[in-house]
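In what follows, a single structure is set out as structure tokens and then discussed.
The values are calculated or read from the model by the stated rules, or taken from the named source; none is laboratory data. What you see is a predicted model, and the numbers here were worked out from it, not measured in a lab. Cβ: placed from backbone, ideal geometry, glycine included. Neighbour counts: every protein chain shown. Ligands, DNA and RNA are stripped out before the accessible areas are found, and what is left, the full protein with its side chains, is counted by its heavy atoms. Shrake-Rupley method; radii C 1.70, N 1.55, O 1.52, S 1.80 Å.
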Amino acid sequence: MVHFRPGSQVWQLITLLSFVGEFPFKSLSLLGSERVYKALISRLTTLQTIRNFNSGDEITCRLLTISGKGAGKTIRLYKGALPILEWLYPGVQGYYMDAFWGHRFPGDASHRDRNHRVAEAAAMLMKAGMEARPYLLSRLQNREILRVVPGTPCFYLAKDLKKVGEAEMNKTMFTRMTGALFSSGKCYAVYNTRDAVMKWSGMGEYKALHSLIELARLNAGISQVDSAILFGQSGETALRTLLESDKTRRLEFRFDSIYRHIHFIPMNGDGIRQLRLFSVPDWKAQLLELLFESEVRSYDRGLFEYDACVDGVNILSHLDGDIARLIRFREAIENRTGRFEVLCFPHQTHFLREYLGGLAGIKTIGMDSVEAELCPERRNLFER
């Protein structure tokens, strides 16, 4: 017998599938121990009796099904198990059937890849304590200025953004955006490039950004959206994305022109810890106050992009993973004399050495030290 209780691994899987539809088999490590989850999923694809820990109700069926192979291998709910969605919250089964065409998934690779990008982003954000379940969030609107978005960090899926009026749907039709994160009075467009270089649709992303600005203004009172979160498999993915950007001929459609700040987050445990910083009010300012005395700070008044000058060394903090700032920093110091340094977390060092190529020194600070000072609550919505 399988016990279905909040926080259990079975509960985590069903929670994710209730609003993303399918999850990539190769990304199970985002949820916890890959070995444990593979064994569990193998078990749940066979006939099992599942017991609701809270109500005592039972259902006997296969819970999951696996299809595809290689990178396209995907995990979905078994059709006969759909009533279990009501064990999460009332009405979830209805939401699921409306969102996923009555449990009929398009068979082409592009739809599956899109679903996987959204699923991975949602898993990362929920592990970092940010709400992503659409049926627990207020619906967005485009009629008047209201405080619709909750005060706690939350992630709205791209498909829900596109449902807010016909005009918004047309503007965001070609975007690669997986959704939008609202946290501490800011809105971030969220992308997931997985293990490949992001294929940017310049005009499409430009239109999507302006549609998101309007939604943020009407639903959260946020007048400016200039930041994005870019998930990727590793620092090497970030490096390839940066180098590919240099080849773009139309500079106005480069991703670092559309978004002033692009925070690269690796899809692993380090990335989840970085994401938790986004929940801290004024987290960027607090980071800089933690790192530097006020008299050495640049306060964005320098001749180029750096955060402090200590003993004649111009220092850029890369703890926020902002690769757009990193591009501007590198472009500025390539033809400039002086001493330069980048401060980062240990897991960022390899790709920084490759990208900077000796133009600047690299120093690290432990993530434990930053967390201890900023004290972000280590929430994990999968544990609730």
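Distances between placed amide hydrogens fall under 5 Å for ILE262 paired with ALA228, ILE323, ALA324, ARG325, all partners being 5 or more residues away or on another chain. If I fit a long axis through the Cα atoms of helix 235-245 and take the longest principal axis of the Cα atoms of the chain, what angle between them do I get, 0 to 90°, rounded to 10? Helix 235-245 sits at roughly 70 degrees to that axis. Loop-located trypsin sites (Lys or Arg not before Pro) in the stretch 182-245 (DSSP state other than H, G, I, E, B) with a sparse environment of at most 16 neighbouring Cβ atoms within 10 Å: LYS199. Each residue of the stretch 51-66 is assigned a 3J(HN,Hα), and the resulting list reads 10, 6, 4, 7, 9, x, 5, 10, 9, 10, 5, 6, 9, 10, 9, 10 Hz, derived from the Karplus form 6.51 cos²θ - 1.76 cosθ + 1.60 (θ = phi - 60°), x at Gly and Pro.
Net length available on complete extension from LEU374 to PHE53 is 111.9 nm, with 0.36 nm assigned per residue and the Cα-Cα distance removed. Rounded, prolate or oblate: which fits the chain when a ≥ b ≥ c are the square roots of the eigenvalues of the alpha-carbon gyration tensor, with rounded for a/c under 1.5 and prolate only if a/b beats b/c? It is prolate, given that a/c is not under 1.5 and a/b is the larger ratio. Taking amide H as placed 1.01 Å from N in the peptide plane, the amide H of ALA132 sits under 5 Å from that of PHE155, each at least 5 places away or on another chain. Applying a threshold of 31 Å to the alpha-carbon distances of LYS207/LYS363; LYS159/LYS363; LYS69/LYS363; LYS79/LYS163; LYS69/LYS186; LYS79/LYS159 flags LYS207/LYS363; LYS159/LYS363; LYS69/LYS363; LYS69/LYS186 as lying beyond it. Residue by residue through the stretch 254-260, what is 3J(HN,Hα) from phi via Karplus (6.51 cos²θ - 1.76 cosθ + 1.60, θ = phi - 60°)? Round to whole Hz and write x for glycine and proline. Those phi angles translate into 5, 4, 7, 8, 6, 10, 5 Hz. Sites listed here are GluC sites (Glu not before Pro) in the stretch 303-355 whose DSSP assignment is loop and whose Cβ has at most 10 other Cβ atoms within 10 Å: GLU334. Modelling each spin label as a point 7 Å along the Cα-to-Cβ direction, I'd like the THR349/ARG5 distance in nm, to one decimal. Reported label-point gap for THR349 and ARG5 is 4.2 nm.
Rolling a 1.4 Å probe over the protein heavy atoms of the chain, with every protein chain left in place, gives an accessible area that is 49 percent carbon and sulfur. In the context of the full set of protein chains, residues of the chain present 45 Å² of accessible surface per residue (probe radius 1.4 Å, heavy atoms only). Sparsely packed loop sites in the stretch 254-344 (the chymotrypsin sites (Phe, Trp or Tyr not before Pro) outside DSSP H, G, I, E and B with at most 12 other Cβ atoms within 10 Å) comprise TYR299. For the stretch 283-300, backbone phi angles converted through the Karplus equation (6.51, -1.76, 1.60; θ = phi - 60°) give residue-by-residue couplings of 5, 5, 4, 5, 4, 5, 5, 5, 7, 10, 5, 4, 6, 9, 6, 8, 6, 6 Hz, Gly and Pro being listed as x.
Straight-distance candidates among the aspartates and glutamates for linking to LYS73, with alpha-carbon spacing under 19 Å and chain neighbours fewer than 8 residues away dropped: GLU22, GLU34, ASP108, ASP113, GLU120, ASP195.
Using every Cα-Cα pair within the stretch 69-201, state what percent have a distance larger than 20 Å. Roughly 53 percent, once rounded to a whole number. Using the Stokes-Einstein relation with a Kirkwood hydrodynamic radius computed over Cα pairs, the translational diffusion coefficient of the stretch 90-146 at 20 °C and a viscosity of 1.002 mPa s comes to 157 µm²/s. A simple spin-label model places the labels of ALA196 and HIS103 3.1 nm from each other, with each point 7 Å out along Cα-to-Cβ.
For ASP307, the residues 5 or more places off, or on other chains, whose built amide H falls under 5 Å of its own are ILE315, LEU316, SER317. Calculated translational diffusion coefficient of the stretch 260-384 (10 °C, 1.306 mPa s; Stokes-Einstein with Kirkwood radius over alpha-carbon pairs) equals 104 µm²/s.
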